[in-house]
Structures are given as structure tokens and as C-alpha cells.
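Please read the structure below before turning to the comments.
The values are calculated or read from the model by the stated rules, or taken from the named source; none is laboratory data. Please read all numbers here as calculations on a predicted model, not as lab measurements. Cβ placement follows ideal geometry from the backbone for every residue including glycine, while neighbour counts extend to all protein chains displayed. The accessibility values were calculated without ligands, DNA or RNA, using every heavy atom of the protein model including side chains. Shrake-Rupley method; radii C 1.70, N 1.55, O 1.52, S 1.80 Å.
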Amino acid sequence: MTTHLVLVGAGHAHLHLLKHATALRRAGYRITLVAPTRFWYSGRAARLLGGAPRDACSLDIAALAARHGIEHVTAPFVALDVHTKHVFLADGQHIAFDVLSLNVGSDVVPPTPTGATVPAWGDARYWHVKPIERLDALRQHVHASAQQHRALRMLVVGGGPSGVEMAANLAGLSQRLGAANDIRLATRHSRLLLAAPDDASRWASRQLARLGVEWQPNVAFDGGAGWLDTLDVFPDDIVLATGLRPAYCVADLPLALDDNGIRIKATLQSEEHATVFAVGDCASLIDHPLPKRGIEGVRQGPVLLQNLIALQNGTPLRDYHPPATALAIVDMHDKGLALYGEHWRGGRLALRLKRYIDMRFLRHYR
């Protein structure tokens, strides 16, 4: 008798399971994947915005599932019943499972006291940096504005890696298209990239200035829209890169939750349900808060695979141990900023390294 394993979402960790579907089937699993037709790779988000082809920034999940003999359902996931063990989809389908794994990603945390989805900051168009496919629409918008000879008045909000990448690549894209532009970056703090060394932060600010991005630090976003009056031009577009929270569907799940997502043990199992796993940005490791970064999902993938097989075999499960530090490279259009703990290096070589790592990751699943 086979065990029905349902995978909801096609994030980094679930890609590893798709690649090793044969091992799961040998353990006695029948696999169903509930996910969109494409996986958008977060490591290539800046490249997607900067002009890279869509296919160079994503994977065809439908083709990947078919190649590995996995049933693929594309209807969006909307609800979960842990007692009857069913997932419910937007088209009315419900799928029974024996074991469930959730890898549904994240969305942007708006910089407002209430956490409202869209801040009430006037009539500007709003763009979120997550899910990644939204950046494809933003790029198309920039292209359309350039073709119509409309000036781009854009404001990026957020001083972390995503905000810096968005500001740099919007400036680079608009310059490449020959579009008149006013690209600005607004941050809550007085320095960029709070987790980076001071010298690296200053290097990033110089690169933004070189690209023509005006940076406005120490902005009090919580006080409403008044801070926009400090700008000498009102933006037509506001790009929110203000931190990440679990995908919107997580809040309604009947699982133990906290502000960072589904509470999981070191074995990646739900705190309350041994047959429910959660990984990536939607999961919150108990007693060890994790940053929402793709490398966590990548490293959780092999542990998740081993633990699913162990669960089926009745053998002990392995703990996931997050890395103390990890390499991160910020894509600043034509240069990169490599960060590893207190070490950093900026320049074209760092950007070439990032592109090599990202393309190697995508090639692994193609």
C-alpha cells in the first residue's frame, strides 16, 4: 500500500524532492505536487527586473514534474484540514494526503503599524518584490513607460538586500532603455544593509549614487503619508521591499503558528502534527529564528528528503542545523556586493560569481 505525499508549493526544498522522486517512490510514496507552472528563482530577481529573459530566471515546473513522473495540480492552495487530512484548492478540488509538506514561500511586510497589504500613501501604483513573478510585470511597466517617453518617477522602500537590488536595477534598466528617470530609495534606518559591515554599507551607498539613485534615510513610515511631502517629486510607482513574512495563506492554517510562520521542530515537522512538514520562508524553526533567504530552503531540501523516507521506514529523523553564516551577494546592476559574516568584497567579480552560482542552481533542475 502506497503512502500519498502531497507537496504544496514548489520552493527550493521541494525542487530537491522533485529531483529525487525516485527515492521517494522506492520508499513507498505516491507524490502529488500542488504548485504553479513556474518556479521563479529569488536569486535571479534582480536580473529579471534588470532585463534578463523570463526563462533565465525561472523553471518550468510542469515539465519538471512530468519528467519525474509526478502528478501536478496547478489550482491555488487555499485551505487545510489536518483532521481529515485534506488540502483544498481554489477550483473546488480537495486532495487527501497521508503526509503533507508545505513550501509556499513569502510575501512582503508593508511598513505600516497595522501591516495592511497596501499602505495608504496616495495614488501611486504599488509593487511588491514577492512573489518574484510580480517583478516581471514591473519590468514590463518600465519598458512601456520608456516606449511612451514617460519619465519614471519611482520610489523603492526598504534598505535591505532586496531594496538595494531593486533601486540599483531599476536605475540601470531605465538608463539602458534611455528613459528619463528619478529613482529613489527610502529607508527607516540611517544605513543600508544593517547586517553588513559598515564599510560594505558605505560601498553600497556609493554605488547607488553612481547609478543616480537618491537615498533618503531615517524615514518615519509609521506616521502615515506625511513623509512623502519631504520628496520634491511625488512618485508614480512605489516598490515595497520592506521585509518578508509567510505567504498570505499561512495565517489561516490550523497549525501552530507564530509571526515567522508555521512552527516546526528541528526535524522540519509541524510542532503539533508529525505527518505535516514545512520548509522555506513559510516555516519558523522553534527556538532558532531563521532569516527568510533562499539558502535555508536549499539546505533544508536534503534533510526533508531523508526525513520523509525515515518517516516511512519508521527510523529516526534527522535534525536540520542552520548554517551560522552563509554567502550572500547583492546584485547592484553592473557590480555585486559579496557578504560573508564580517567579510565583504564589492565589484564586478562578485557579480560574476553570483551569476555563476545562480545559473548553476537552475541548470541542476533543467
Quick one, which of (1) 20.1, 61; (2) 23.4, 82; (3) 21.1, 68 is the actual Rg and Dmax of the Cα atoms in Å calculated for this model? (3)
Solvent exposure, largest accessible area first (probe 1.4 Å, DNA, RNA and ligands not counted), of His83, His321, His189: His83, His321, His189
Once normalised by the length of the chain, the mean sequence separation of its alpha carbon contacts under 8 Å that are 6 or more apart gives a contact order in percent of 19
Expressed as a whole-number percentage, the relative contact order of segment 38-107 with C-alpha contacts under 8 angstrom and at least six residues apart is 18
Average Cα contact separation per residue, segment 49-199, under 8 Å, 6 or more apart, as relative contact order %: 18
Determine the calculated [θ] at 222 nm for the chain from helices alone, applying -39500 (n - 2.57) to every DSSP H run no shorter than 4 residues and normalising by the residue count; nearest 500 deg cm²/dmol. -9000 deg cm²/dmol
Roll a 1.4 Å probe over the protein heavy atoms and report the accessible area of Asp91 in Å², nearest 10. 90
Within-14-Å neighbourhood charge of Leu231 [Cβ basis; K, R +1; D, E -1]: -4
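In a shell of Cβ-Cβ distance under 14 Å around Pro76, excluding Pro76 itself, what net charge do Lys and Arg (+1) and Asp and Glu (-1) give? Before the final figure, lay out each step's value.
Details: positive: Arg38; negative: Asp91, Asp107, Glu133, Asp252.
Charge balance in the 14 Å sphere: -3.
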